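As structure tokens, the structure follows; a few thoughts come after it.
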Amino acid sequence: MKKVIGAVAAAAVALGLGAAAYAQSGTQTVKIGVLSDMSSLYQDIGGPGSVAAAKLAVEDFNKINPNLKVEIVSGDHQNKPDVGSSIATKWFDADGVDMIVDIPNSGVALAVSQVAANKNKVFLANGPASSDLTGAKCNPNTIHWAYDTWMLANGTGKAMVKTGGDTWFFLTADYAFGHALERDTAAVVEKNGGKVLGKVRHPLNTSDFSSFLLQAQSSKAKVIGLANAGGDTINSIKQAAEFGIVKGGQSLAGLLVFSSDVNALGLETAQGLVLTATWYWDMNDANREWTKRWHAAGGPSGKVPTMIHAGVYSSVLHYLKAVAATKQSKDGAAVVAEMKKMPTDDILFGKGTVREDGRKIHPAYLFEVKKPSESKKPGDFYKLRATIPADEAFRPLKEGGCPLVKS
Amino acid sequence: MFEIFGIPSQALFGQLLIGLINGSFYALLSLGLAVIFGMLNIINFAHGAQYMMGAFVAYLVLQYTGIGYWGALIVAPIIVGITGIIIERTMLKQLYKLDHLYGLLLTFGLALVIEGVFRNYFGASGLPYQMPPSLAGGHNLGFMFLPNYRGWVVGASLAVCLATWFVIEKTRLGAYLRAATENPTLVRSFGINVPRMITLTYGFGVALAAFAGVMAAPIYNVSPQMGSDIIIVVFAVVVIGGMGSIMGAIVTGFGLGVAEGLTKVFFPEASSTVIFVIMAIVLLIRPAGLFGRG
């Protein structure tokens with residue numbers, strides 16, 4: 001019996017460790033590492049889709065500048081900061097990787113950002129949400145591209161308070177990202193005259209939310225803010241419908257909802273949900289065209305690209321332009337400085353800038369999920385409710401507390 | 001209304017009920033594990049993957065054949081049970097004479113393969129599955145709003161658990177099964193086809209997992225990793241209850257659901273850890289588990 005129990009415990013530990021990272025070897029060129037969640041809850045918002053997006057960026061860059069040889073490697077951080085930092089360290093030290101992109105997990109991203117700064121390499125954050133990457137934890141080697149918690153809070157939070165949702169209760173994922181999203185949203189709610197009545201912090205990857213939803217229900221708050229992501233958000237929304245939360249007069253604010261989440265919920269359950277994003281595949285012809293190419297380059301079929309995938313494309317392209325301009329890729333801080341100096345311009349995000357604190361600036365959009373009857377084709381999920389101009393979409397430079405910003 | 005540790009009694013009753021509901025999933029899954037371990041001496045680490053397959057089959061039969069939830073409750077366990085039988089016939093059969101560890105490693109590997117295949121085809125973010133209209137809505141119990149579906153989950157899983165316990169502990173068929181575990185040669189000499197009985201038992205245990213998967217589909221995210229999220233907890237439940245004890249699995253399943261539910265009120269951050277703390281304490285005091293005979 002003892003042996004059996006020991007074996008069970010050993011296997012449980014092994015299950016936690018999961019698959020190991022993989023990387024390819026290569027020659028002296030610009031080497032990009034796509035570090036993402038390849039095997040778990042954030043796989044669809046980043047994962048293989050991010051690798052495909054990076055490939056497209058290299059392809060487009062090489063059309064103008066065929067002399068630079070670019071190699072892409074990828075790895076799985078398994079949502080563990082220690083795994084993420086050790087892959088990053090190995091990539092930078094032993095494998096000659098110059099830049100790491102993506103990382104859909106704020107805990108891992110904050111750790112890798114530190115590694116990139118210590119080794120003077122580059123980290124282009126697209127997957128993570130925590131606005132701390134350009135706030136207190138900013139550094140000269142990191143750029144935060146697609147979105148962040150401040151922008152999500154400002155978009156969705158403000159819109160909800162303006163339409164009467166002035167009392168809030170938070171369901172928060174208990175790690176760096178959830179805490180940052182909750183903090184940023186609470187600030188927006190209070191600034192606009194609302195009140196936060198309570199919060200509950202749940203472990204990452206929780207399957208049952210009924211306990212937490214019951215607490216949210218009895219708080220009598222008008223809005224239940226979901227400061228979580230991926231499978232956690234899907235489970236919360238699915239079960240909130242079951243417990244009659246919305247029918248009872250409370251509304252749900254999905255603070256970070258991706259198109260892949262809407263797909264998993266089905267429009268029947270997700271309809272009416274308000275969310276903020278910086279990119280949507282079906283917004284214009286350029287995006288639709290790029291989506292086709294993304295599928296051809298290995299983006300998962302049957303899925304549509306998320307704003308993270310678009311961000312990976314856009315940031316890698318801008319990075320390569322900066323490498324070409326500085327004629328080197330080994331001094332990471334110099335490349336990032338060049339990226340901040342040059343204006344950005346690409347087919348997905350249009351013209352934009354990278355700020356001193358490492359924040360990429362572009363517009364954000366407030367979307368509403370369509371009713372099943374309004375959806376004309378697979379992936380036809382959102383209608384545009386409002387556009388938040390670039391200069392209002394992200395946290396003002398002075399408020400972040402980033403030490404790089406000279407006051 | 002009175003208060004317990006600063007929580008209104010009403011809220012507490014609600015949380016107790018919720019805990020019981022979550023416990024029914026633990027009970028259903030740990031029951032299947034206990035049956036398989038008790039009868040085959042195999043630690044079935046593929047159980048979580050088979051639970052996930054149940055949910056996916058429910059989705060697939062709805063997409064491709066139009067069979068809805070009620071049909072899926074019958075069809076999915078049969079289909080997944082058959083895959084279980086194939087696994088038993090072709091692979092597990094070879095391992096009965098070896099150490100437990102081999103069965104564990106094989107099923108663990110199978111779980112990773114199955115999960116990987118599903119993730120490759122369906123992605124990680126999950127698939128939609130609507131609640132059957134006949135079970136939508138709910139009742140206000142005064143202290144909480146109870147969705148009809150959750151009421152059904154508790155009722156159905158209790159019924160399935162008790163029926164399984166009854167068959168194994170109280171009927172002639174169950175007696176054969178238990179006897180075959182103790183001394184297969186002797187039972188075979190009475191003209192009973194022991195290998196077939198073992199195969200069907202494994203198929204039944206797997207079907208139980210698939211049944212739980214179909215029950216979970218309307219309320220939990222149907223995704224390839226849904227099994228690995230829950231299986232570790234279920235193994236803790238089985239270890240606490242005592243490996244192979246049918247009643248132990250059922251009672252601890254419901255009991256730990258309640259313990260977890262209460263933690264979600266008093267200290268939500270620890271709700272994913274509390275079961276393992278209980279497991280450690282139980283193993284220190286009673287290494288064979290609460291209901292174990294070993």
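The values are calculated or read from the model by the stated rules, or taken from the named source; none is laboratory data. Here the structure is a predicted model, which means the values were calculated and not measured. Positions of Cβ are backbone-derived with ideal geometry, glycine not excepted, and every protein chain shown enters the neighbour counts.
Remarks
Residue-wise test of (1) under 17 Å from the mean Cα position of the chain (by Cα); (2) under 30 Å from residue A:208 (Cα atoms); (3) among the polar types (S, T, N, Q).
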| residue | (1), (2), (3) |
| --- | --- |
| B:185 | no, no, yes |
| B:190 | no, no, no |
| B:194 | no, no, no |
| B:197 | no, no, no |
| B:205 | yes, yes, no |
| B:211 | yes, yes, no |
| B:224 | yes, yes, no |
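- Scanning region B:110-127 for residues that are of a type outside the set (A, V, I, L, M, F, W, C) and either surrounded by 21 or more Cβ atoms within 10 Å (Cβ to Cβ) or more than 10 Å from chain A (Cβ to nearest Cβ) (or both) yields B:115, B:123, B:125, B:126.
- Filter pass, residue B:261 being more than 29 Å from residue B:178 (Cα to Cα), touching a Gly at 6+ places or on another chain (Cβ under 6 Å), of a type outside the set (Phe, Trp, Tyr) and surrounded by 24 or more Cβ atoms within 10 Å (Cβ to Cβ): yes
- Counting only helices (runs of 4 or more DSSP H) wholly contained in region A:294-407, the ones carrying 1 or more residues that are within 21 Å of residue A:101 (Cβ to Cβ) occupy A:307-326, A:332-341.
- Selection of region A:156-179 for residues being under 17 Å from residue A:393 (Cβ atoms) and within 21 Å of the chain's Cα centre (by Cα) yields A:156, A:157, A:158, A:159.
- Checking region A:219-239 against the condition returns a match, with at least one residue being farther than 27 Å from residue B:129 by Cα and within 14 Å of chain B (Cβ to nearest Cβ).
- Filtered residues of region B:139-187 (kept if in contact with a Pro (Cβ under 9 Å, 6 or more places away or on another chain) and surrounded by fewer than 15 Cβ atoms within 10 Å (Cβ to Cβ)): B:139
- Figure legend. Inter-residue proximity from region A:71-99: first residues on the phi > 0 side of the Ramachandran plot, second residues in a helix (DSSP H, G or I) and buried (at least 18 other Cβ atoms within 10 Å of the Cβ), beta-carbon distance below 7 Å, spacing 6+ or different chains. Indicated pairs: A:79/A:108.
- Condition check for residue A:351: surrounded by fewer than 14 Cβ atoms within 10 Å (Cβ to Cβ) and farther than 23 Å from residue A:127 by Cα: no
- Among the residues of region A:293-313, those identified as within 13 Å of chain B (Cβ to nearest Cβ) and β-branched (Val, Ile, Thr) are A:304, A:306, A:308.
- Of note, residue A:353 does not satisfy the criterion of being in contact with a helix residue (DSSP H, G or I) (Cβ under 9 Å, 6 or more places away or on another chain) and in contact (Cβ under 8 Å) with a residue 24 or more places away in the chain.
- Residue match in region A:377-387 (condition: among the small types (Gly, Ala, Ser), farther than 17 Å from residue A:126 by Cβ and without any contact (Cβ under 8 Å) to a residue 24 or more places away in the chain): no
- First in region A:242-265 and assigned to a loop (DSSP other than H, G, I, E, B), second anywhere and of a type in the set (Lys, Arg), Cβ under 7 Å, 6 or more apart: A:250/A:222
- Of the strands (runs of 3 or more DSSP E) that lie entirely inside region A:138-231, those containing 3 or more residues that are closer than 30 Å to residue B:261 by Cβ and at pLDDT 90 or above span A:167-173, A:195-202, A:223-227.
- Within region B:265-294, considering residues that are touching a residue at least 40 places away in the same chain (Cβ under 8 Å) and in contact with a strand residue (DSSP E or B) (Cβ under 8 Å, 6 or more places away or on another chain), the one farthest from the other protein chains (Cβ to nearest Cβ): B:266
- Here residue A:163 meets the list (1) away from chain B (no Cβ under 14 Å); (2) over 25 Å from residue A:357 (Cα atoms); (3) touching a Lys or Arg at 6+ places or on another chain (Cβ under 9 Å) almost entirely, failing just condition (3).
- One residue alone among A:358, A:400 is modelled with pLDDT under 95, under 20 Å from the mean Cα position of the chain (by Cα) and either farther than 29 Å from residue A:59 by Cβ or not polar (S, T, N, Q) (or both), and that residue is A:400.
- Among the residues of region B:131-156, just one is in contact (Cβ under 8 Å) with a residue 40 or more places away in the chain and more than 14 Å from chain A (Cβ to nearest Cβ), namely B:156.
- Scanning region A:260-282 for residues that are more than 14 Å from chain B (Cβ to nearest Cβ) and crowded, with 18+ Cβ neighbours inside 10 Å yields A:274, A:275, A:276, A:277, A:278, A:279, A:280, A:281.
- Residue A:252 within 14 Å of chain B (Cβ to nearest Cβ) and closer than 28 Å to residue A:394 by Cα: no
- Neighbours by Cβ (under 7 Å, 6+ apart or cross-chain): first from region A:30-43, more than 14 Å from chain B (Cβ to nearest Cβ) and in contact (Cβ under 8 Å) with a residue 12 or more places away in the chain; second among the charged types (D, E, K, R) and crowded, with 24+ Cβ neighbours inside 10 Å: A:34/A:102; A:35/A:102
- Residues located in region A:283-309, provided they are surrounded by 15 or more Cβ atoms within 10 Å (Cβ to Cβ) and farther than 21 Å from residue A:151 by Cα: A:287, A:290, A:291, A:293, A:294, A:295, A:297, A:299, A:300, A:303, A:304
- Of all residues making up region A:180-214, the number that are touching a residue at least 24 places away in the same chain (Cβ under 8 Å) and either of a type in the set (Phe, Trp, Tyr) or within 14 Å of another protein chain (Cβ to nearest Cβ) (or both): 17
- Candidates B:28, B:33 - the one that is in contact with a His (Cβ under 6 Å, 6 or more places away or on another chain) and either closer than 21 Å to residue B:224 by Cα or crowded, with 21+ Cβ neighbours inside 10 Å (or both): B:33
- Residue within region B:92-102 that is assigned to a helix (DSSP H, G or I), under 17 Å from the mean Cα position of the chain (by Cα) and over 30 Å from residue A:49 (Cα atoms) present: no
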